[in-house]
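Colleague: The structure that follows is given in the form of structure tokens.
The values are calculated or read from the model by the stated rules, or taken from the named source; none is laboratory data. These numbers come from a predicted model, not from an experiment. Virtual Cβ from ideal backbone geometry, glycine too; neighbours counted across all protein chains shown.
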Amino acid sequence: MTRDRDPAGRPRNARPRDALGRPLDRADAGQDRIPDDLVITGADAAVRADRLLRDGLPFHAHEVLEAAWKSAGPAERDLWQGLAQIAVGLTHARRGNARGAVTLLRRGAQRVRAYQDGPAAAGPSPYGMDVASVLAGCEALATRIEQDGLDAIPSAALAPRLLPG
């Protein structure tokens, strides 16, 4: 079987995925896909990723955040890349990989923190996101996973909000 490719010849993955991003049989159309060629920026990315995270779909949120990262200018790339890493950390947690979860939650938070505090910072709430709460929540979740393990973490703690409300 040949791999799906876009018009430029780059590989794509049209295979459907479950809520945690694991590949499903090609015949299963149960999950909506985030298009490989999604172009999304700023507030639209924040709103869509926030909804996916709240719905317990961090893998899909990661795909939206990755698209925003690829579309962003240099001043915003760390913000979107860090948020994408946080979403991957949440995916690892949901899949039962405590070590991967802690590593990516902290790595992502560090990138976002650098954006928030650095010269590229656009203020305390870029695109309306509650960055301070996201950062605090990532650190608290990583620490709790290390101390108590994933079995002690309720699923609600793995569905953070990017936007207030």
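Colleague: So is Gly56 surrounded by 15 or more Cβ atoms within 10 Å (Cβ to Cβ), on the phi > 0 side of the Ramachandran plot and in a loop (DSSP other than H, G, I, E, B) or not?
Modeller: Yes; evaluated as a whole, the condition is true for this residue.
Colleague: Does Arg77 fit the bill of being of a type in the set (Lys, Arg) and modelled with pLDDT under 95? First the steps, then the outcome.
Modeller: Values: of a type in the set (Lys, Arg): yes; modelled with pLDDT under 95: yes.
Against the criterion (of a type in the set (Lys, Arg) and modelled with pLDDT under 95), Arg77 qualifies.
Colleague: Sort through Arg51, Arg161, Arg77 and tell me the only one that's surrounded by fewer than 18 Cβ atoms within 10 Å (Cβ to Cβ), within 13 Å of the chain's Cα centre (by Cα) and closer than 19 Å to Val39 by Cα.
Modeller: The conditions single out Arg51.
Colleague: If you check every pair at least six apart or on different chains, which have Cβ atoms under 8 Å apart with a residue in the range 145-165 that is free of Cβ contacts under 8 Å to residues at least 12 places away in the same chain first and a residue that is not acidic (Asp, Glu) second?
Modeller: Sorted first by the residue in the range 145-165, then by its partner, the pairs are Ala152/Arg144.
Colleague: Checking Ala93 against (1) part of a helix (DSSP H, G or I); (2) modelled with pLDDT under 95; (3) under 23 Å from Ile34 (Cα atoms), which single condition isn't satisfied?
Modeller: Going through (1) part of a helix (DSSP H, G or I); (2) modelled with pLDDT under 95; (3) under 23 Å from Ile34 (Cα atoms) one by one, Ala93 breaks only (2).
Colleague: Let me ask something additional. Of Val131, Val102, which residue is at pLDDT below 95 and either under 16 Å from the mean Cα position of the chain (by Cα) or not acidic (Asp, Glu) (or both)?
Modeller: Step by step, each of Val131, Val102 is checked, and only Val131 is at pLDDT below 95 and either under 16 Å from the mean Cα position of the chain (by Cα) or not acidic (Asp, Glu) (or both).
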